[in-house]
Structure formats: structure tokens, C-alpha cells
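Asks: Below are the C-alpha cells for one structure; questions will follow.
The values are calculated or read from the model by the stated rules, or taken from the named source; none is laboratory data. These numbers come from a predicted model, not from an experiment. In this analysis, Cβ positions are derived from the backbone assuming ideal geometry, glycine residues included, and neighbour counts consider all displayed protein chains. Side chains are part of the model used for accessible areas, which takes the heavy atoms of the whole protein and leaves out ligands, DNA and RNA. Shrake-Rupley method; radii C 1.70, N 1.55, O 1.52, S 1.80 Å.
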There are 2 protein chains.
Amino acid sequence: MTIHYPKGMHHTSQVTNMMRTGKTTKKALTFSRRGMGLEEEINVANDFYLANRLAVIHKKPTPITIVNVDYPARSAAKITEAYFKQASTTDYNGVYQGHYIDFDAKETKNKTSFPLKNFHQHQIDHLANVLSQGGLGFVIIKFTSLNENYVYPASHLIYEWQLHKGKQSISYETIVTHSYRIPESLTPSLDYLVALDEWLAHINK
Amino acid sequence: MTIHYPKGMHHTSQVTNMMRTGKTTKKALTFSRRGMGLEEEINVANDFYLANRLAVIHKKPTPITIVNVDYPARSAAKITEAYFKQASTTDYNGVYQGHYIDFDAKETKNKTSFPLKNFHQHQIDHLANVLSQGGLGFVIIKFTSLNENYVYPASHLIYEWQLHKGKQSISYETIVTHSYRIPESLTPSLDYLVALDEWLAHINK
């Protein structure tokens, strides 16, 4: 399959990327990311991927339970009572070069570990189901204090979850060892397809 | 990849299925389907597939725009003003044996054609994007008066849409010719993976 990367930004290793950007650009990067949450960064990346025909990945709408709806004459139906419902799956899914993609996004201020309480059993179950059907399941983990982002494969998350029974945390070193780092980038700021490419190359070796 | 079908109900052709069920069973089938809308039938099928580890396919939550939320002390957050938003994608997606699955469900009482006004441009665009990434995009079409259900590949829908510029209809014959029929079944009543298997066998020929 031929992949058309815009401006050859993909497949540059993180090191060359850092070298190329230099100090000024890096400051700009940090600035542009300031105030943008992880979810927003992913949405921007997904919009970029869609517009450039690189991948079709969307955030699922927030699940709610609707209790009451008003239907005013000649106006749009108005929901007047509804409640947030716990999602039974993950937040994002889609397709990338024939691969089914399914992930959640989590961030932590912690610098040395990632608390497992960030996950729920149903998310773990869903990711296990995805893996059993041959999908690519993972979590995008952001260490906000370190400004480091990782694609952490669900297979390893499930292993750690079973080991600790959902309690305690996964150490920073463990995550780094088993993840694919998302390099700093400009457009989009969180170019996680680069990490997926690295992962897929590793799988296809 | 090994596929574990429960009770060997898959891969039976529609003709043998009809013959096997006979008159009494067929009445029961019709009765069990009465009052169950297409969407509900698909949800039941998806639950069945998930429980039997056959596929992981979910309906996306209804997208809404939240305008106002009350946060009462010691109670769940209550959405007090929200509006339905037009979906930018299709209603269902997921993964089946490594394939990304993406589809919408449509029904018509019409016996001779399917009106294209049932679709919106953004759904067509989304399905085209899915195809370009190697996903399986389609529509489950139910002819309610005929009690016939089809998996109609998105590639052909897009062709018809461009031909008629979204106006007019697709004839019943055209749909039947280019679709994979979903055979009548008991559990689940709309066993659309059977039609997908037929389609995939055709692709892999």
C-alpha cells in the first residue's frame, strides 16, 4: 500500500526531529501545546489525518441517558433532562491502512508511575475483545509534567492490570519500555501515527 | 484464523435455511421480529456477537450538543439543556476478524426501490474515507414490506449516489444484484455476519 505523508514529516526518528526543530521551535511547540488538553490534541490530530487522507479516526460522542425531551412547535427538539452514562467502550476508534484502531487517552501529572485507577474493568474488557478480533488496541498516555506521550499497547496494559488486579500503578520505566513514544511535532502537535507506524513495523518484522 | 461459530448456524446458504425452518418456524420468526425495529435487531445481533466472541461492533452514542449542566450537591450531574446534533459518521463500527467494519442501517416500506434521500452527503463521504483506508463500509438495508435484509457494499452505494447526485432511488433489482442477503435466522434474528462472510469469501477469491 502506498502511503502519502504530507511534507515528509513521518518516519523521521524522534532524535532527528528534536535536532531539526532546535531551541526556538521547541519553545514554540511548548507554547502551542500550553492549555491544549490531551483530548483536544488528539482531536486536532484526527482532523489533520482525515483532511490529509491518512486515517479515519473519530472520538465517540459522550454517552448520555435521555430522560426528557421537549418538542416545541417549529423548533428543534430540546433535551431538558439527561444524565452522563459510563462509557462501555473506549473513547476513540477508526481505521488506519486496513487496521482497526481502538484507544483511550489518559494523562497524569505523576513523573514516576501511572496509576491503574485511571482505568475501569469495562475498558480493559473492551480492549481485550478488540485484541481477540485482531484490532490494534492501546492507550495514549501523557506524562504532563515530563511532556512525554506514549502509545502503550493494550496487551501489556491488560497484563499489568491482571498482575495488580487494577490496584497500584505501572512504573514509568515499564511504560517507556513497552511503549512507542510519540515524537514532538508541529502539525499536528500529537502525531501519534508515527508511533503506530513504528509499532506496525515491529509487528511485521 | 479459526472461527468458532455457535451451533454451526453460519455458512448455511439462505435456501437451505429457508427449507430447514419450515412453515411453523417461519411464523415464529416473523412473530419474534414483529415490533422489533432494524436498529434493535442490530443491537441484539451485536450483543450476541460480543458475548460469543464473534465480533466487537457497537452502536455509537447519539451525538448531542450540551448547553447547560446542573451540578447538584451529592447528586449526579444533570444535563438541563441539550440538542440533537447531526452525526458526522455512520451509526455502527467495530472489528471482525481483523477487518474494520463501518455501516449504517436503513429501512424502507417501498418494495421496488430504495430512496437515496435516506442518505446524507456526510455519510457518503465518511464511507468513502473508510474504503480508502481499507475498511469494510456498507449499509444494512431492510425492505420491511418484503421482510428482506441486505448488506449493500458502500462502493456501490457511492457509485449510485454520484450517478444520481443523491436524488431519486436505487432500484430493488440493483440492490439485490450488488448485495449479500442476510438469511433469516433465530439467534440472532438479523445474523448479518453470515452476509459479511459471503462478501469476504468473494473478496478473497
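Asks: Of A:Arg181, A:Arg53, which has the most accessible area with a 1.4 Å probe, and how do the rest follow in descending order?
Replies: A:Arg53, A:Arg181
Asks: Could you pull the copy-to-copy label distances for A:Thr187, with points set 7 Å along Cα to Cβ, in nm to one decimal and sorted shortest first?
Replies: 5.6
Asks: Let me ask you something else. Measure off 7 Å from each Cα along the Cα-to-Cβ vector at A:Asn204 and A:Asn147, then give the distance between these two points in nanometres to one decimal.
Replies: In this crude label model, A:Asn204 to A:Asn147 measures out at 3.3 nm.
Asks: Another question about this same structure. Could you list the residues of the range B:150-164 with an amide nitrogen less than 18 Å from a label point located 7 Å from the Cα of B:Gln86 in the Cα-to-C-beta direction?
Replies: Label zone hits: B:161-162.
Asks: Please report the spacing between the Cα centers of the range A:175-205 and the range A:69-88 in Å, no decimals.
Replies: Using only Cα atoms to place each centre, the spacing works out to 40 Å.
Asks: Quick check: net charge around B:Lys165, other residues with Cβ under 15 Å of its Cβ, Lys/Arg +1 and Asp/Glu -1?
Replies: After counting each charged neighbour, the total is 0.
Asks: Same structure, new question: So how exposed is A:Met36, as accessible area in Å² (1.4 Å probe, rounded to 10)?
Replies: Counting only protein heavy atoms, the figure is 50 Å².
Asks: Place the label 7 angstrom along Cα→C-beta at A:Lys205 and in each other copy, then list the distances from the first to the rest in nm, shortest first.
Replies: 4.0
Asks: Give me the net charge for the shell around A:Lys59: Cβ to Cβ below 11 angstrom, other residues only, Lys and Arg +1, Asp and Glu -1.
Replies: Values: positive: A:Lys60, B:Lys60; negative: A:Glu39, A:Glu40, A:Asp47, A:Asp91, A:Asp104.
Value of the local net charge: -3.
Asks: Identify, among A:Leu136, A:Tyr180, A:Ala77, the residue whose Cα sits farthest towards the positive end of the charge dipole of the range A:73-199, taking +1 on the Cβ of Lys and Arg and -1 on the Cβ of Asp and Glu, with the dipole about the Cα centre.
Replies: About the Cα centre, the residue reaching furthest to the positive side is A:Ala77.
Asks: In nm, one decimal, shortest first: how far is the label point of A:Val176 (7 Å from Cα along Cα to beta carbon) from the matching points in the other copies?
Replies: Taking the point 7 Å beyond Cα along Cα→Cβ, the inter-copy spacings are 6.5 nm.
Asks: Starting from the range B:68-111, pick out the trypsin sites (Lys or Arg not before Pro) whose DSSP state is loop and whose Cβ has at most 14 other Cβ atoms within 10 Å.
Replies: Qualifying residues, ordered by number: B:Arg74, B:Lys85, B:Lys109, B:Lys111.
Asks: Roughly how many debye, to the nearest 20, is the charge dipole of the range B:62-164 about its Cα centre, given +1 on each Lys and Arg Cβ, -1 on each Asp and Glu Cβ, and no other charges?
Replies: 260 debye
Asks: Per residue of the range B:142-151, what does 6.51 cos²θ - 1.76 cosθ + 1.60 with θ = phi - 60° give for ³J(HN,Hα)? Whole Hz please, x for Gly and Pro, Karplus curve as stated.
Replies: 10, 8, 4, 5, 9, 6, 10, 10, 10, 9
Asks: Give me the number: length gained by fully extending A:Val44 to A:Asn110, i.e. 0.36 nm times residue separation minus the C-alpha to C-alpha distance, one decimal in nm.
Replies: 21.3 nm
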